[in-house]
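Comments concern the structure below.
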Amino acid sequence: MVEAVCECSDGRCRRLTFRNVASFVMHRDAPVEGIGALKADVAYGGMIYCIVDAQGPSFDLARDEARDLVRIGERIKAAAAEQLPSVHPENPGIHTINQTLLAGPIRVEHGVKRSKNAVVASPGRLDRCPCGTGTSARLALLHAQGEIVTGKLFVLESIIDTEFRSRVVEATAVGGVPAMVPEVSGRARLTGISHYGVDPEDPFPEGYRLNDTWFA
């Protein structure tokens with residue numbers, strides 16, 4: 001279960017904070033062949049991420065690098081998914097690397113650690129935000145590396161400079177694997193409202209199934 005809290009004022013939601021699923025590291029400093037001398041970490045934060053130091057492939061995570069980031073990110077994901085088996089210890093249905101996270105260097109501003117993320121999602125897009133599950137995965141890695149301690153604020157930035165605030169709530173374990181519970185906070189804007197309903201005269205209010213029409 002994911003818990004969320006909204007901070008509201010003047011009739012608007014100003015910030016939403018959610019406590020995500022327990023997140024953990026699956027591979028540390030693992031070589032990924034076929035893309036130069038590349039090493040990657042793999043972590044779960046609701047999705048499975050291949051996390052790569054952006055300076056390894058010589059990226060600054062600038063906007064004008066977007067096309068190249070997408071291209072290399074998809075190549076890294078495909079190679080890592082083949083070479084680094086990654087299965088959730090309690091849910092075998094979660095069993096492959098989903099996305100690539102290119103991680104910028106950590107810096108300190110006003111006593112707070114910050115860093116930039118570029119999350120590449122298939123079939124080749126960059127997330128407009130630092131990514132909630134990506135932030136959780138990277139926070140799990142940083143916690144395992146001793147870069148961030150429980151309760152300490154860590155700010156993640158996207159390629160277009162949007163921000164998520166994050167912190168480690170507590171240490172835990174998942175299937176015997178050391179893990180931690182992350183909390184992520186950000187702002188969203190309303191883009192649309194949809195309404196769904198059921199016609200009382202609809203003979204199939206719960207839908208229907210014809211299994212033999214779903215070809216393999």
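The values are calculated or read from the model by the stated rules, or taken from the named source; none is laboratory data. This structure is a prediction, so every number in the text was calculated from the model and none was measured. Cβ coordinates were reconstructed from backbone atoms using ideal geometry, including for glycine residues, and neighbour counts include every protein chain displayed.
Inspect all residues belonging to region 131-142 and state whether any of them is assigned to a strand (DSSP E or B), in contact with a Leu (Cβ under 6 Å, 6 or more places away or on another chain) and either surrounded by 13 or more Cβ atoms within 10 Å (Cβ to Cβ) or basic (Lys, Arg) (or both). Among the residues of region 131-142, not one is assigned to a strand (DSSP E or B), in contact with a Leu (Cβ under 6 Å, 6 or more places away or on another chain) and either surrounded by 13 or more Cβ atoms within 10 Å (Cβ to Cβ) or basic (Lys, Arg) (or both), which makes the answer no. Is there any pair with a first residue in region 141-156 that is closer than 13 Å to residue 112 by Cβ and a second that is loosely packed, with under 13 Cβ neighbours inside 10 Å whose Cβ atoms are under 7 Å apart and which are 6 or more apart or on different chains, and what are they? Once the first residue is closer than 13 Å to residue 112 by Cβ and sits in region 141-156, its partners that are loosely packed, with under 13 Cβ neighbours inside 10 Å give 153/112; 155/112.
Report whether or not residue 51 is of a type in the set (Val, Ile, Thr), under 20 Å from residue 124 (Cβ atoms) and not in a loop (DSSP other than H, G, I, E, B). So residue 51 passes the test.
When the residues of region 161-216 are filtered to those that are among the aliphatic types (A, V, I, L, M) and exposed (fewer than 12 other Cβ atoms within 10 Å of the Cβ), the one that is farthest from residue 44 (Cα to Cα) is 198. Entry remark, region 121-137: residues being of a type in the set (Gly, Ala, Ser) and either at pLDDT below 95 or under 14 Å from residue 71 (Cα atoms) (or both) number 3 in total.
Here is a yes/no grid of residues against (1) among the aliphatic types (A, V, I, L, M); (2) in contact with a Pro (Cβ under 7 Å, 6 or more places away or on another chain); (3) farther than 20 Å from residue 27 by Cβ:
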site: 53; (1), (2), (3): no, no, no
site: 87; (1), (2), (3): yes, no, no
site: 108; (1), (2), (3): yes, no, yes
site: 116; (1), (2), (3): no, no, yes
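Annotation note: Cβ proximity below 6 Å between a residue of region 32-52 that is touching a residue at least 12 places away in the same chain (Cβ under 8 Å) and buried (at least 16 other Cβ atoms within 10 Å of the Cβ) and a residue that is in a strand (DSSP E or B) and hydroxyl-bearing (Ser, Thr, Tyr) (sequence gap 6+ or interchain) occurs for 43/49; 44/23; 45/23; 50/100. For residue 119, the conditions (1) in a strand (DSSP E or B); (2) surrounded by fewer than 24 Cβ atoms within 10 Å (Cβ to Cβ) all hold with the exception of (2).
Listed by first and then second residue, the pairs linking a residue in region 53-70 that is closer than 14 Å to residue 101 by Cβ and at pLDDT below 95 to a residue that is acidic (Asp, Glu) and assigned to a helix (DSSP H, G or I), with Cβ atoms under 9 Å apart and 6 or more places separating them unless they lie on different chains, are 57/68. Residue count for region 157-179 under the criterion of being touching a Ser or Thr at 6+ places or on another chain (Cβ under 6 Å) and more than 30 Å from residue 65 (Cα to Cα): the result is 2. Scan region 2-17 for residues that are within 17 Å of residue 179 (Cβ to Cβ) and out of contact with any Lys or Arg (no Cβ under 9 Å at 6 or more places or on another chain) and the total you get is 0.
Considering region 6-30, the residues that are outside any loop (DSSP other than H, G, I, E, B) and exposed (fewer than 13 other Cβ atoms within 10 Å of the Cβ) include one that is modelled with the lowest pLDDT, namely 12.
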